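Structure, as structure tokens:
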Amino acid sequence: MNQIAKPHHQISRVRRDVRRRCITVASVEHITPSMRRVHFTAADLHDFESPAPDDHVKLFVPDTSPQAAASVCMRDYTPRAFDAARGTLTIDFALHEAGPATAWALAARPGDSIETGGPRGSTLVADDFDWYLLIGDETALPAIGRWVESRRPNVPVKSVVTVKTAAERQEFATRAHWQSVWLTRTDNHTDGADIVAALAASGPLPEGDGYIWIAGEASMARTVRAHVIDTLGHNKSWVKASGYWQDGQPDSHVKID
């Protein structure tokens, strides 16, 4: 009996009903000076799903600022890890600017509870590309970590990440052939010029079919996306760019493509 072959380099979108859950802090840790990891637990995480590295959930955090119009605000975060057997969900908080989510993460202690919703959907990228290029700033590191850790053995994966200091670098366990490039900024944000320069200095993109993923500050993501498509000539169908925040508005999620 003949089987129908799956399309090559398949990229599909999965939608699901959004469910709100109450999650409780089990433990907290600083993994770098500006990255705080919070481990949550909940009895109803048994049917939680997050199959894509760049999934995001809504966290409903208290906003205690005097100008706040509501007592609770919503923020998007990548599920860094999920253990269905233990009913635990891990979220990494990039403490890049002051805001309700940063304030909550800094004050979080075991026993504290908040609500979460999602993921509403997942973009599933087949792990059959010849190589992967992952680009971002600190806010993209939770997703980049998942990308690196989940790639198949020996596939070339390169990450180019801009950070405030060398202390923000992270290590990921992976079976892939991972090359990491860390760029240290001279100010608090990047417009993408340093990343574009690093890509230009590394020469042409590798041979074969590659998938490029970009996330971080919105203007940086736009600049780098334009470079890899318009200058490097990469197939735009194999490029995904997201603005995880905007300079001056650290908790706003922006659609780039």
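Working from Cα pairs under 8 Å separated by at least six residues, relative contact order for the chain is 18 percent.
Remark: the E207-H8 segment gains 70.0 nm on full extension, using 0.36 nm per residue and subtracting the alpha carbon distance.
Here the peptides 191-198, 52-59, 120-127, 12-19 are ranked by packing, the mean other Cβ count within 10 Å, and the order with the highest first is 52-59, 191-198, 120-127, 12-19. Where both bridge residues fall in the chain, DSSP classifies roughly 60% of the beta bridges as antiparallel. Shape analysis of the chain places it in the oblate category; the axes a ≥ b ≥ c from the Cα gyration tensor give an a/c of at least 1.5, with a/b not above b/c. Sparse packing (at most 15 other Cβ atoms within 10 Å of the Cβ) combined with a DSSP loop state is found for the following GluC sites (Glu not before Pro) in segment 102-202: E171.
By the beta-carbon count within 10 Å of each Cβ, the least crowded to most crowded order of I114, I144, fewest first, is I114, I144.
A DSSP coil position with no more than 15 other Cβ atoms inside 10 Å describes none of the chymotrypsin sites (Phe, Trp or Tyr not before Pro) in segment 125-156. GNM on the chain, alpha-carbon springs under 10 angstrom: the most fluctuating residue among R109, R80, R146 is R109. Over the chain, DSSP H runs of length four or greater, each weighted -39,500 (n - 2.57), average out per residue to a 222 nm ellipticity of -4000 deg cm²/dmol.
Taken together, the values in this text are just the output of simple stated rules run on the coordinates, not laboratory data. Quick caveat, the model's predicted, so the values are computed rather than measured. As a convention, Cβ positions derive from the backbone with ideal geometry for all residues, glycine included, and neighbour counts pool all protein chains shown.
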